[in-house]
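Just below is one structure, and these are the notes that go with it.
The values are calculated or read from the model by the stated rules, or taken from the named source; none is laboratory data. Worth saying up front: this structure is predicted, and the values here are computed from it rather than measured. When we count neighbours, we look across all protein chains shown, and the Cβ atoms used for this are built from the backbone with ideal geometry, even at glycine.
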Amino acid sequence: MLNLSQNGCSVWVASSTEGLLTPTAVALGKFDGVHLGHHRVIQPVLHAGDRLSVAAQGLVPVQESNDNQQLTADEGQLTNKERTYSTVVTFHPHPQEFFTGQPRALLTPLDEKVQQLRSLGVEQLVLLPFDKELSALSPEDFVEKILVQQLQCQRISVGHDFCFGKQRRGTARDLQLLAAKYDIPVTIVPLQTYTDSAPTQEIPISTSLIRHSLESGDIKNANLLLGRPYSLIGVVVQGQQLGRTIGFPTANIQLPQDKFLPRKGVYAVRVSILSKTSDETVPQPQNLGVMNIGDRPTVNGTCSSVEVHLFDWSNDLYGKKLAVQLVEFLRPEEKFPSLEALKTQIQLDCTVARKLLSVD
Ligand SMILES: Cc1cc2nc3c(=O)[nH]c(=O)nc-3n(C[C@H](O)[C@H](O)[C@H](O)COP(=O)(O)O)c2cc1C
Ligand SMILES: Nc1ncnc2c1ncn2[C@@H]1O[C@H](COP(=O)(O)OP(=O)(O)O)[C@@H](O)[C@H]1O
């Protein structure tokens, strides 16, 4: 179990079903990316318990709503017993990883997911170990054993396409019917869509659509669906020390192994310099720069790297934690005939990126 906290705000991360903060108001799902559609699923459980229990005392009328309503009653009148913890319940490892045996790259590896959930106001993240036993639970047993007995669930929210239980047999509607036996209300949140321009059509926001956008270098679209810039967060490690010799020192960033990487190539980016151990989500003063993701064929690179050159910066960054926000894909990586030719191209990349970032 982990309690990740900063600035007095924290998310309690329970890796098993022991040590839970109960009772809970639960949003259920995989939530990879914590995108705009996920926000809508999580919203109904934020302070839901407070609202329900205050309402039960006749202090305010109950209003079923997905938007972020403020309580008008005095929250101080709530006792600990009546309080529920806004909780996201997800599966670990990702069910697809369990079934295929292949590691799955994630838009939001655990640390980043925790940060994003915290910024939404979630108090607890429960990682249900996705194993043979859990995957074999019937929908009925999942509700009774996990949601009712272990999580002491008072309220549930799921997306319209949520499936659960053995062979994904249970639907969101089944969950609603099963939970009703225990008087647990279930909000089924309709799929959130966005309007694509050509041809104009409503497209559901999804993790796979965001992955697809990132794979094709369509960063604007990925950022639109995420509701924030896609970010690469990691600590600066040593590279080959060649960058400084061509006038473009680059901070080489070590990412979590399971981080999903966008298309290889060069990007215009904004960079926050965080302290090494920080999990902060509060925006920092930002530096602008260019980033390369790739194998560096010009210098016979042997492995993939992610490296950032910051504009107007000349200090040491080794050991610092950087959060690199992707703004736009500029070009694919190329093998240049010489370091001089690479240098000329990077100069050009910087000019394009500066222009782009100044108007963005
Ligand atoms: C904006 C930018 C664009 C780059 N483009 C390429 C490229 O097209 N081909 C390539 O082989 N390396 C490219 N690189 C990577 C350089 O080869 C690398 O930064 C250089 O070898 C220094 O590496 P080091 O940090 O390990 O010393 C690029 C780097 C930056 C910052
Ligand atoms: N403008 C800058 N952008 C990125 N890193 C910089 C910059 N100025 C200085 N540095 C420092 O220089 C290091 C990169 O220099 P470089 O020669 O490319 O070495 P390495 O191969 O170890 O990355 C960075 O890790 C950082 O500590």
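Counting only residues that are modelled with pLDDT of 95 or more and assigned to a helix (DSSP H, G or I), which one in the stretch 225-262 is farthest from ligand 2 (Cβ to nearest atom)?
Only one residue tops the list, namely Leu225.
Could you tell me which of the residues Val299, Val324, Val308 is closer than 17 Å to Leu274 by Cα and within 11 Å of ligand 1 (Cβ to nearest atom)?
The match here is Val308.
Looking at the stretch 195-203, is at least one residue away from ligand 2 (no atom under 16 Å from the Cβ), buried (at least 16 other Cβ atoms within 10 Å of the Cβ) and not acidic (Asp, Glu)?
No - not one qualifying residue is present in the stretch 195-203.
Out of all the residues in the stretch 94-153, which are part of a loop (DSSP other than H, G, I, E, B) and in contact with a Gly (Cβ under 8 Å, 6 or more places away or on another chain)?
Once the filter is applied, which keeps residues that are part of a loop (DSSP other than H, G, I, E, B) and in contact with a Gly (Cβ under 8 Å, 6 or more places away or on another chain), the stretch 94-153 yields Leu107, Thr108, Leu137, Ser138.
Of everything in the stretch 147-170 that's under 19 Å from Phe99 (Cβ atoms) and of a type outside the set (Phe, Trp, Tyr), which residue is modelled with the lowest pLDDT?
Top of the filtered list is Gln167.
Using the structure shown, decide if Gln176 is polar (S, T, N, Q), assigned by TED's automatic domain parsing to the domain that holds Gln96 and assigned to a helix (DSSP H, G or I).
yes
Would you be able to say whether some residue in the stretch 200-210 is part of a helix (DSSP H, G or I) and either over 23 Å from the mean Cα position of the chain (by Cα) or within 16 Å of ligand 1 (Cβ to nearest atom) (or both)?
no
If you go through the stretch 277-307, how many residues are within 15 Å of ligand 2 (Cβ to nearest atom), at pLDDT 90 or above and within 17 Å of Phe248 (Cβ to Cβ)?
14
If a residue has to be crowded, with 19+ Cβ neighbours inside 10 Å and either part of a strand (DSSP E or B) or among the acidic types (Asp, Glu) (or both) to count, how many in the stretch 158-173 make the cut?
Total satisfying the criteria: 4.
Could you list, ordered by first residue, the pairs with Cβ atoms under 7 Å in which the first is in the stretch 95-111 and closer than 15 Å to Arg168 by Cβ and the second is surrounded by fewer than 16 Cβ atoms within 10 Å (Cβ to Cβ) and basic (Lys, Arg), at least 6 apart or interchain?
Close Cβ pairs (under 7 Å, with a partner that is surrounded by fewer than 16 Cβ atoms within 10 Å (Cβ to Cβ) and basic (Lys, Arg)) amount to Gln96/Arg104.
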